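Peer 1: Have a look at the structure that comes next, please.
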Amino acid sequence: MSKERTIPKHVAIIMDGNGRWAKQRGKERHEGHIAGAESVTAVIRAAGDAGVDYVTLYAFSTENWGRPEAEINAIMELFCYMVASRTEELVKEGVKVRIMGERSRFSPKVLSMIESIETTTAEGKKLTLIIAFNYSSRREMLLAAQEIARRAVAGEIKVEDIDEELFSNSLMTAGIPDPDLIIRTSGEYRLSNFLLWQASYAELYFPETLWPDFGKEEFQRALDIYAGRERRFGKVIQDNEEK
Ligand code: FPP
């Protein structure tokens, strides 16, 4: 009997290696990010075609504010450019976009682009694209803990009510299933403050490819590798059981 290929419902990606890609070509770092934006487009399309329901991209971490100002500005500009130039295509392809992260530090222009893309793509049904932008997992968990504590002090919940479900629903990813597959490009083997709670049972894949060189074929290869993995969630799979 042929076994159906397992497609991950949610793929999360740490897009790493833009700077090295640029350096290898004698270019400025921001040119690596521009090239990386093309990979974003290719991967969203490949994910939609493959039947993936959610893609999360780590585009800017809370720690990235420590980069040179010119590079930060280039990433913000690139974000605005991407929103302005790709929204129509995203709508056509049925992609719903959510921006995940703290918004207080963004410029009015970035804020208005965030609102624009979320509103315009809200009816997308084929794929949900989550862009982690000024996101860090520890900060996300601290904010969730504060919110839960506030509700407990206000008498809205009892301490015994605090379980995994309530905690998950207090995170920025509330309502989004945990990632099944996390990819980090460029041969770095770390999660770097990305979806640490949500990654508990995710399969991890670390291709050597630098992000600007990661396209449709590379994404399909990641799906093949995922399909070949055995996920046990801490349990034992019986010999006669379908995997
Ligand atoms: C990591 O590579 C990449 C980033 C911090 C920025 C990611 C941004 C994009 C791919 C383009 C914008 C996309 C959207 C959706 C706004 P790195 O600079 O750390 O590379 P390095 O480790 O080689 O220096």
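Peer 1: Would you check if Gly215 is in contact with a helix residue (DSSP H, G or I) (Cβ under 7 Å, 6 or more places away or on another chain), surrounded by fewer than 18 Cβ atoms within 10 Å (Cβ to Cβ) and either β-branched (Val, Ile, Thr) or modelled with pLDDT of 95 or more (or both)?
Peer 2: Here the answer is yes, as Gly215 does meet what is asked.
Peer 1: Suppose the filter is without any contact (Cβ under 8 Å) to a residue 40 or more places away in the chain, more than 29 Å from Arg138 (Cβ to Cβ) and surrounded by fewer than 17 Cβ atoms within 10 Å (Cβ to Cβ); does Gly94 pass it?
Peer 2: Criteria not met by Gly94.
Peer 1: Further question on the same structure: May I ask you to list the residues in segment 155-176 that are surrounded by 14 or more Cβ atoms within 10 Å (Cβ to Cβ) and not aliphatic (A, V, I, L, M)?
Peer 2: Phe167, Ser168, Ser170, Thr173
Peer 1: Can you tell me which residue among Ser136, Ser112, Ser104 is on the phi < 0 side of the Ramachandran plot and in contact (Cβ under 8 Å) with a residue 24 or more places away in the chain?
Peer 2: Ser136
Peer 1: Further, regarding this structure: Quick one: how many residues across segment 35-59 are surrounded by fewer than 19 Cβ atoms within 10 Å (Cβ to Cβ) and either of a type in the set (A, V, I, L, M, F, W, C) or modelled with pLDDT under 95 (or both)?
Peer 2: 3
Peer 1: Please work out if Leu90 is within 15 Å of the ligand (Cβ to nearest atom), of a type in the set (A, V, I, L, M, F, W, C) and in contact with a strand residue (DSSP E or B) (Cβ under 7 Å, 6 or more places away or on another chain).
Peer 2: Against the criterion (within 15 Å of the ligand (Cβ to nearest atom), of a type in the set (A, V, I, L, M, F, W, C) and in contact with a strand residue (DSSP E or B) (Cβ under 7 Å, 6 or more places away or on another chain)), Leu90 qualifies.
Peer 1: Out of everything in segment 12-37 that is in contact with a helix residue (DSSP H, G or I) (Cβ under 7 Å, 6 or more places away or on another chain) and over 18 Å from Glu208 (Cα atoms), what residue ends up being nearest to the ligand (Cβ to nearest atom)?
Peer 2: Taking the candidates together, the pick is Ala37.
Peer 1: I would also like to ask the following. Is it the case that segment 103-117 has a residue that's closer than 30 Å to Ala202 by Cα, within 12 Å of the ligand (Cβ to nearest atom), modelled with pLDDT of 95 or more and assigned to a helix (DSSP H, G or I)?
Peer 2: yes
Peer 1: Could you tell me which numbered condition Glu140 fails, if it satisfies all but one of (1) part of a helix (DSSP H, G or I); (2) away from the ligand (no atom under 11 Å from the Cβ); (3) surrounded by fewer than 20 Cβ atoms within 10 Å (Cβ to Cβ); (4) among the acidic types (Asp, Glu)?
Peer 2: (3)
Peer 1: Failed condition for Glu165, given (1) over 16 Å from the mean Cα position of the chain (by Cα); (2) at pLDDT 95 or above; (3) within 30 Å of Gln146 (Cβ to Cβ); (4) not in a helix (DSSP H, G or I), with all others met?
Peer 2: Only one criterion is unmet by Glu165, namely (4).
Peer 1: OK, next. Any chance segment 226-243 includes a residue that's touching a strand residue (DSSP E or B) at 6+ places or on another chain (Cβ under 6 Å), surrounded by 12 or more Cβ atoms within 10 Å (Cβ to Cβ), without any contact (Cβ under 8 Å) to a residue 60 or more places away in the chain and basic (Lys, Arg)?
Peer 2: yes
The values are calculated or read from the model by the stated rules, or taken from the named source; none is laboratory data. This structure is a prediction, so every number in the text was calculated from the model and none was measured. We place every Cβ from the backbone using ideal geometry, glycine too, and count neighbours over all the protein chains shown.
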